[in-house]
Amino acid sequence: MRIAVLGATSLLGHHTARAVKSAGHELVLIHRPESRVGRLNYLEPECHAVERLDYVGLRRALKDIDAVVRCDDPFPQKPRRWQEEVASALDEANHFYAACLAAHVPRILYVGSSIALPRHPKGLPGHEGLFYEGMPRWRNPFLLTRWALDEQAREQARSGLPVIIGIPAMSLGEMDFGPSTGRLITAIGSGQMTHYVAGRRNLIDAADAGRGLLLTLEKGRVGERYLLTGQNIEMKALTERIAQLLGVAPPQPMPLALARGMAVLGRLRYRLSGEAPILDDVTVAFMVGGQFLDGSKARNELRFVAETPLEETLERTIRWFRANGYL
């Protein structure tokens, strides 16, 4: 199969591209002109540089593609109003889906986020059948953007596009340039993250997530969500173990209200001075927007099981960050 990956320079995109190549498929990368796509040259991909809003370029790049993975939803780089974040993300995705329709792409995988799922009403692990009744009340830009994109992907499937939704749990691993989710590790290591907000997470190795996304693309049912999960863990235990491996003092707990207040102050300071906040809306969302997750649907339908133990993921990720100057 000729499989295209959008966002291959991201953590999940890179590992998905690796999985595509390892499985013997023909790898095509569709990337922004300024992306550092050279990091993936070792995979010998076919590359197409296209701007996100370039419908004609996207349609041309998707010609004769058997399947496409869209995992290029960016992390907000600066504080913006949630309305701006949502509108921008939906606009980019609309151009992508329109190009897929015009190019007659047979299978489309949207890589979503577990934060788009509301918490289980009984406190049980979250699953694919959970949906918000209307818009989430928490006006967090990261949460609302991921929720809106999930709604959009399901609507596209209902309208006839062959869209499948793959939702990896919180992913850590090598190739996290930036970093993205690995910022949890670098912030603890640098002393920037001295506190955390209590919460529950599910953590998966990025390589396992990439393999799971390929399985979702190959075997998933159109219009369905699939959670790709690893190990459930409390934020307290996760931050303490990361700090132990780094040889630093562990972060201490702090109330959610205080974290939200600090994020608001950081946003105001950014507007006045241009100084990026240490604690922003994305960080708060990552700390408190999670829950334990149930991956039985992907296990039963796709035969997906995460293979990498959490301890190995943390140790290998920290080694990579050290080797690449992030720690």
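No lab work stands behind these numbers, since they all come straight from the coordinates. Predicted model only: the values in this text are computed from it and were never measured. Cβ sites come from the backbone with ideal geometry, for glycine too, and all protein chains shown count toward neighbours.
A compact table of results
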| read-out | value |
| --- | --- |
| Gyration tensor verdict on the stretch 102-196 (Cα atoms; rounded if a/c is under 1.5, prolate if a/b is larger than b/c, oblate otherwise) | oblate |
| Partners for Lys297 among aspartates and glutamates (Cα-Cα distance below 13 Å; same-chain residues under 8 apart left out) | Glu128, Glu224 |
| Percent RCO, i.e. relative contact order, over the stretch 2-323, from Cα pairs under 8 Å lying at least 6 residues apart | 19 percent |
| Cα-based equivalent ellipsoid, the stretch 90-141: semi-axes from gyration tensor eigenvalues, Å | 29, 15, 8 |
| Burial ordering of Tyr132, Tyr196, fewest other beta-carbon atoms within 10 Å first | Tyr132, Tyr196 |
| Three-way shape label, the stretch 206-245, alpha-carbon gyration tensor, a/c 1.5 | prolate |
| Sorted by Cβ density within 10 Å, fewest first, the residues Lys219, Lys122, Lys21 | Lys122, Lys219, Lys21 |
| Among Ile204, Ile108, Ile188: highest mean-square fluctuation, GNM of the chain, C-alpha pairs under 10 Å | Ile188 |
| By average C-beta atoms within 10 angstrom, highest first, the peptides 163-176, 30-43 | 163-176, 30-43 |
| Magnitude of the charge dipole, the stretch 40-151, Cβ model with Lys/Arg +1 and Asp/Glu -1, debye to 20 | 480 debye |
| Among 238-250, 205-217, the order from most to least packed when residues are scored by Cβ within 10 Å on average | 205-217, 238-250 |
| Inter-probe distance in nm under a simple model that places probes 7 Å from Cα toward Cβ, at Ala198 and Ser296 | 2.8 nm |
| Relative contact order of the stretch 153-209, defined on C-alpha pairs under 8 angstrom at six or more residues apart (%) | 41 percent |
| Volume of the Cα convex hull of the chain, divided per residue and given in Å³ | 130 Å³ |
| Convex hull per residue volume in Å³, alpha carbons only, for the stretch 27-136 | 155 Å³ |
| Residue order, fewest to most beta carbons within 10 Å, for Cys47, Cys71 | Cys47, Cys71 |
| Ellipticity estimate at 222 nm from DSSP helix runs (n ≥ 4, -39,500 (n - 2.57)) divided over the chain, nearest 500 | -13500 deg cm²/dmol |
